[in-house]
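Engineer: Next up is a structure, given as structure tokens.
Rule-based calculations on the coordinates, nothing more; no lab input. Small disclaimer: the values here were computed from a predicted structure and weren't measured. Note that each Cβ is placed from the backbone with ideal geometry, even for glycine, and that neighbours are counted across all protein chains shown.
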Amino acid sequence: MDNEALIDSFSDFKYEKNIDRVSLMAILEESIRCVLKKKYDSSKNYDIIVNPDQGDLEIWRNRIVVKNGTVKDPNKEIELSTARKIEMDFEIGEEVTEKVELKSIGRRAILSLRQNLLSKVNEYDNTNTYKKIKNKIGEIINVEVYHILPKQIIMKDDEQNEMVLPKQEQIPNDFFRKGDPVKVLVKKVDWKDSKPFAVLTRKDEAFLEELFKLEIPEVSEGLITVKKVARIPGEKAKVSVESYDDRIDPVGACVGMKGSRIHPIVRELKNENIDVINYTTNIQLYITRALSPAKISMMEVNEEQQYVNVYVKLEEISKAIGRGGQNIRLASQLTGYKIHIFRDFPYEDDVELTEFSDEIEPKVIEKFHQVGLNTAKSILNYRNNDLSKRTNLEEKIIKKVIFILKKEFEEELNNINT
């Protein structure tokens, strides 16, 4: 193989892997130096000129002229008599530059060069692909179903890079056929067998947030901010949104006229029911909105321990909890508070616990205050054993307190803690 043949061969790599000119030159030079170093122990005294566009490759070896019979390193030194055969006026100490043809380094070295080239091209291609995919982490991309396996689906992007959508990252109602176009979110990229290995998802909360950016211009333009997403993939989701522009109704803009904007997102998520609510820093109002459509009678918030006791009428309990506990679970994820649902009482007025200080010892009242139970109503909504666990009070003391409180209202009240 001569110099020009190697360039022609390498050009095939350039177009196949879409390598830029500068990288092509660097890879080719590095590969040649690697072979020269292996054959001669050093490549520092070689000049390599590469012009892949013109199909040119020149290798020049530089050697120092020494006295006849004193050559120690034939790769770096040349006898005076040999140098003068090239040019008569060479003197000792001068540098001789000679052009080197590839075929002169031997067949095995050329085969090694070609193998080295292929290895570095693939390494470059894989590294380049890894960087491109890594820059897309957290973004939605369009892929095509390539191969369906029991535990994962192999996808291909526009550049024919293979990616994986694991079973656990699919929406339960997802169903794909080979060749189907699919929207996915790039979750992460790792190395596997020296190749980039991208993992995709459709279950992640970020996938829903990115769909909002795709379908709702105000979100993509930053006029509306998605504050938090909570979802049970394929079933139900709650999304809190906020706008710093008072002229924009964030919920209305996200839902659209007759649901025109939210419906494409619902269809993409296989009919996942999406509740969009206004975000607020008022935690009681935020929790009230998060538990919609249930109507709340009263709530007690413990901000320090991040839990809230919510009281609703009997007919609202099922709405607050939701099918299979979906509503309360998503509201808890959205707000960051652990939510307890209690049945509201058939009386209107509650009584502060301190009103019973003539019958209940102050240290016992303080125990209830420490866990956020400040009224008779809040205590009667708990079972005796739950109260004992929360307050660390003896069961007989709990029974006495309950007896005193119930006597005040002249009827025994049931409570439900979900």
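Engineer: Read phi for every residue in the range 392-404 and hand back ³J(HN,Hα) as whole Hz from Karplus 6.51 cos²θ - 1.76 cosθ + 1.60, θ = phi - 60°, with x for Gly and Pro.
Structural biologist: After applying 6.51 cos²θ - 1.76 cosθ + 1.60, I find 6, 8, 5, 4, 5, 5, 4, 4, 5, 5, 4, 4, 5 Hz.
Engineer: Run the dipole for the chain about the Cα centre, Lys and Arg Cβ at +1, Asp and Glu Cβ at -1, nothing else charged, and hand back the magnitude in debye, nearest 20.
Structural biologist: 1560 debye
Engineer: What residues qualify as long-range amide H neighbours of residue 100, i.e. H under 5 Å apart, gap of 5 or more or another chain, H built at 1.01 Å from N?
Structural biologist: 59, 60, 61
Engineer: Which order do 82, 391 fall in if you start with the one that has the fewest other Cβ atoms within 10 Å?
Structural biologist: 82, 391
Engineer: As I understand it, the dipole of the chain uses +1 on the Cβ of Lys and Arg and -1 on the Cβ of Asp and Glu, about the Cα centre. Which of 71, 369, 199 lies farthest toward its positive end?
Structural biologist: Selected residue: 71.
Engineer: Please compare each pair in 44/134; 39/120; 377/399; 134/227 to a cut-off of 27 Å on the Cα-Cα distance and tell me which ones are over it. Intermediate results must be reported in sequence, preceding the final value.
Structural biologist: Details: 44/134 36 Å; 39/120 19 Å; 377/399 15 Å; 134/227 24 Å.
Violating the 27 Å Cα-Cα cut-off are 44/134.
Engineer: A follow-up question, please. For the range 234-240, in order, what is each residue's ³J(HN,Hα) by Karplus, 6.51 cos²θ - 1.76 cosθ + 1.60 with θ = phi - 60°, in whole Hz (x at glycine and Pro)?
Structural biologist: Listing the rounded values in order: x, 10, 8, 9, 10, 10, 9 Hz.
Engineer: Helix 107-134 versus the longest principal axis of the chain: what angle, 0 to 90°, nearest 10, using Cα atoms?
Structural biologist: 20 degrees
Engineer: Another question, if that's okay. Which lysines have a Cα lying under 18 Å from the Cα of residue 396, excluding residues fewer than 8 positions away in the same chain?
Structural biologist: 363, 367, 406, 407
Engineer: Still on this structure, please answer the following. Out of residues 5 or more away from residue 228 or on other chains, whose amide H comes under 5 Å of its own, with H placed 1.01 Å from N in the peptide plane?
Structural biologist: Sorted by chain and number, the residues that satisfy this are 240.
Engineer: I want to verify a result. In a Gaussian network model of the chain, Cα cutoff 10 Å, which of these has the top mean-square fluctuation: 278, 302, 45?
Structural biologist: Fluctuation is largest for 45.
Engineer: What does the C-alpha gyration tensor say about the overall shape of the range 144-202? Classify as rounded when a/c is under 1.5, otherwise prolate if a/b is larger than b/c, or oblate.
Structural biologist: It is prolate, given that a/c is not under 1.5 and a/b is the larger ratio.
Engineer: Residue 94's amide H: which non-local residues (gap 5+, or another chain) put their own amide H closer than 5 Å, with H modeled 1.01 Å from N in plane and none for Pro or chain starts?
Structural biologist: Excluding prolines and chain starts, which carry no amide H, the hits are 65.
Engineer: Using only Cα atoms, tell me the angle between helix 3-17 and the longest principal axis of the chain; keep it within 0 to 90° and round to the nearest 10.
Structural biologist: 10 degrees
Engineer: Which of 300, 352, 91 ends up with the largest GNM mean-square fluctuation for the chain, with Cα atoms connected below 10 Å?
Structural biologist: 91
Engineer: On to the next question. Among 387, 285, 149, which one shows the biggest mean-square fluctuation in a GNM of the chain, springs joining Cα atoms closer than 10 Å?
Structural biologist: Comparing 387, 285, 149 in a Gaussian network model of the chain, the most mobile one is 149.
Engineer: Mind jotting down a quarter of the surface of the convex hull over the alpha carbons of the chain, in square nanometres, one decimal?
Structural biologist: Result: a mean projected hull area of 35.8 nm².
Engineer: Where the centre of each part is set by its Cα atoms, how far does the range 281-323 sit from the range 144-165, in angstrom?
Structural biologist: Result: 43 Å between the Cα centres.
Engineer: Could I ask something else about it? Under the Karplus relation 6.51 cos²θ - 1.76 cosθ + 1.60, θ = phi - 60°, what is the ordered set of whole-Hz ³J(HN,Hα) values for the range 65-82, x standing for Gly and Pro?
Structural biologist: Calculated HN-Hα couplings, in order: 6, 10, 4, 4, x, 10, 5, 9, 10, x, 6, 10, 10, 9, 5, 4, 5, 5 Hz.
Engineer: May I ask you to sort 84, 289 by Cβ crowding, counting other Cβ atoms within 10 Å and putting the fewest first?
Structural biologist: So the ranking, lowest neighbour count to highest, is 84, 289.
Engineer: Please arrange 180, 245 by how many other C-beta atoms lie within 10 Å of their C-beta, fewest to most.
Structural biologist: With the fewest neighbours first, 180, 245 line up as 245, 180.
Engineer: Please report how many Lys pairs in the range 257-352 have alpha carbons closer than 20 angstrom, counting only residues at least 8 apart along the chain or sitting on separate chains.
Structural biologist: Lysine pairs, 8 or more places apart or on different chains, close enough: 6.
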